[in-house]
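Peer 1: Right, I'll just put the structure down here and ask away after.
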Amino acid sequence: MGLPKITKPSDLRDDLYNTLDRVAKGREKHIVPTKTGEVVILSKAEYDSLIDDLELLKEFEAPL
């Protein structure tokens with residue numbers, strides 16, 4: 001999977017089920033700009049992997 005696609009909310013709304021299906025299968029990830037910021041849509045497997053990496057990095061933090 002490459003870089004996330006930037007997807008307008010209206011485009012996401014028009015094809016929500018298929019987009020979420022492709023994301024869940026790990027084929028895509030999306031950045032959706034909103035009026036107040038941006039939202040990232042990624043699969044749970046990718047999210048879990050990022051959290052695992054974060055926890056591992058926390059173990060190597062230098063004590064203050």
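Peer 1: Give the residue from LEU3, SER49, TYR17 lying farthest towards the positive end of the charge dipole for the chain; charges sit on Cβ (+1 for Lys and Arg, -1 for Asp and Glu) and the dipole is referred to the Cα centre.
Peer 2: Final value for the positive-end residue is TYR17.
Peer 1: Contact order normalised by length for the chain, with contacts defined as Cα pairs under 8 Å and 6 or more residues apart; what percent is it?
Peer 2: 29
Peer 1: Roughly how many Å² is the accessible area per residue of the chain, as a whole number, for a 1.4 Å probe?
Peer 2: With the other protein chains kept in place, the chain gives 84 Å² per residue.
Peer 1: Once neighbouring chains are kept in place and the probe is 1.4 Å, which whole percent of the accessible area of the chain is contributed by carbon and sulfur?
Peer 2: 58
Peer 1: When the chain is fully extended, how far beyond the present Cα-Cα distance does ILE51 get from SER10, taking 0.36 nm per residue of separation?
Peer 2: 11.8 nm
Peer 1: When the chain is fully extended, how far beyond the present Cα-Cα distance does PHE60 get from LEU20, taking 0.36 nm per residue of separation?
Peer 2: That pair, PHE60 and LEU20, stretches by 10.9 nm at full extension.
The values are calculated or read from the model by the stated rules, or taken from the named source; none is laboratory data. Remember, it's a predicted structure, so these values are computed and weren't measured experimentally. Here the Cβ is made from the backbone with ideal geometry for all residues, glycine too, and neighbour counts use every protein chain on show. Protein only, heavy atoms only, side chains kept; ligands, DNA and RNA dropped before computing areas. Shrake-Rupley method; radii C 1.70, N 1.55, O 1.52, S 1.80 Å.
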